[in-house]
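K.L.:
The structure that follows is given in the form of structure tokens.
The values are calculated or read from the model by the stated rules, or taken from the named source; none is laboratory data. Remember, it's a predicted structure, so these values are computed and weren't measured experimentally. Here the Cβ positions follow ideal geometry from the backbone for every residue, glycine too, while neighbour counts run over all protein chains shown.
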Amino acid sequence: MKKCWMFALTCLLVSMTGCNCQAEESLVLSLTAESTQLVEDGFNQKNGAWQSYSGLWDFSGDRLTQTSTSDYSPVILRRDHQFSDLDLSVEFKPISGRIDASGGVIFRALDHENYYVVRANSLENNFRLYTVKNGVRRQIASARTSPPTLGQFHQIRIVAIGATIQAYLNGKLLLNHHDNTFVRGFVGLWTKADSVTEFDQFKVVGVE
């Protein structure tokens, strides 16, 4: 039976207090069962689908922890599925860092040097979306927010449908941006500089 899919954009009014983006609607990704691919990982054990390219990624204690403090931007990708439109979320706990104390989510990655990343940083009052092309990172959207507290879990969520990318921090929609640099690819996780960060409850649903 031929697979088919349907996308519905359900508009919900949300508060955008403190956000520098213009849109006031939240995207909801709606898929038929046949088109949906679900990936969930609580990091209870090491999964061979994850491939690290930089940093030190430790699967232990029911967490995935990035512990290197000397890599510029540690990257780990989940290589078993590629997604176009998706709804992705992860919990992250920034543990330490003097230069950076960040956690980030990668999506639509062609490889470890070409992808989108959304990151939050406990040392800065902003939430940002970047493109990374041939290893060069460029900011394409930013919003002011309270810095995530060190030693506590926070959630990043990404909803990307076509060229529209929306990013949430702790359930609040902060970024609404349109960009078509990357249209499909792998998902993954990211930190920066001397950040030591734990990740948990990784979940993706989307079109493979």
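K.L.:
Can Ser73 be described as among the small types (Gly, Ala, Ser), closer than 15 Å to Trp190 by Cβ, buried (at least 19 other Cβ atoms within 10 Å of the Cβ) and touching a Gly at 6+ places or on another chain (Cβ under 9 Å)?
P.N.:
So Ser73 fits the description; yes.
K.L.:
Right, something else. Can you pull out every residue in region 156-174 that is under 23 Å from Gly135 (Cα atoms) and touching a Phe, Trp or Tyr at 6+ places or on another chain (Cβ under 9 Å)?
P.N.:
Correct list: Ile156, Ile158, Ala160, Ile165, Ala167.
K.L.:
Also: Any residue in region 68-78 that is farther than 30 Å from Ile161 by Cβ and small (Gly, Ala, Ser)?
P.N.:
Residues of region 68-78 farther than 30 Å from Ile161 by Cβ: 68-72.
Adding the requirement that they be small (Gly, Ala, Ser) leaves 68, 70.
Yes, region 68-78 contains a residue that is farther than 30 Å from Ile161 by Cβ and small (Gly, Ala, Ser).
K.L.:
When the residues of region 31-55 are filtered to those that are surrounded by 15 or more Cβ atoms within 10 Å (Cβ to Cβ) and either touching a helix residue (DSSP H, G or I) at 6+ places or on another chain (Cβ under 9 Å) or in a loop (DSSP other than H, G, I, E, B) (or both), which remaining residue is modelled with the lowest pLDDT?
P.N.:
The qualifying residue modelled with the lowest pLDDT is Leu31.
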